[in-house]
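The values are calculated or read from the model by the stated rules, or taken from the named source; none is laboratory data. Predicted model, so just to flag it, every value in this text is computed and none were measured. Quick reminder, even Gly has a Cβ in these numbers, built from the backbone with ideal geometry, and neighbours come from all protein chains shown. Just the protein is used for accessible areas: all its heavy atoms, side chains included, with ligands, DNA and RNA removed. Shrake-Rupley method; radii C 1.70, N 1.55, O 1.52, S 1.80 Å.
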Amino acid sequence: MIREVTQQLLNLIARWDRRFRLQQSLVWLPRGIAAGLVPGLALAVVARLRPWLFPEQIAVVAGAAVALGVALTLLVIWMSRHDPLAMARRFD
């Protein structure tokens, strides 16, 4: 009986944790995109002052930087471990 109730509570906390992580993903996703755009913008400025890359190459590097920024952001959010007791306190 106690194990069933404990498991039900853990399942409920896990659902709330997924919802919390989804909210965090939506909040931090624009920040990850911006973090990826900064190197692309810096590279574009440098290439404008000293032309050594074509615009298509700059776009590819900027796109890769944005993808990396988004991937790292989501990786940190979804792979971090949370203690069930701390999560229960947060959601209470």
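Considering (1) free of Cβ contacts under 8 Å to residues at least 60 places away in the same chain; (2) within 25 Å of the chain's Cα centre (by Cα); (3) open to solvent by less than 100 Å² (accessible area, probe 1.4 Å), the lone condition that residue 41 does not fulfil carries the number (3). Of the residues making up region 82-92, those that are in a helix (DSSP H, G or I) and either without any contact (Cβ under 8 Å) to a residue 24 or more places away in the chain or loosely packed, with under 10 Cβ neighbours inside 10 Å (or both) are 85, 86, 89. What are the residues in region 47-81 that are assigned to a helix (DSSP H, G or I), out of contact with any helix residue (DSSP H, G or I) (no Cβ under 9 Å at 6 or more places or on another chain) and over 22 Å from residue 27 (Cα atoms), if any? Listed by number, the residues that qualify are 48, 49, 56, 60.
Of all residues in region 59-81, those that are without any contact (Cβ under 8 Å) to a residue 24 or more places away in the chain have Cβ atoms under 7 Å from Cβ atoms of residues that are surrounded by 13 or more Cβ atoms within 10 Å (Cβ to Cβ), 6 or more apart or on another chain, in 61/40; 61/43. Within the option set 31, 19, being open to solvent by 100 Å² or more (accessible area, probe 1.4 Å) and either of a type in the set (S, T, N, Q) or touching a residue at least 40 places away in the same chain (Cβ under 8 Å) (or both) holds for one residue only, 31.
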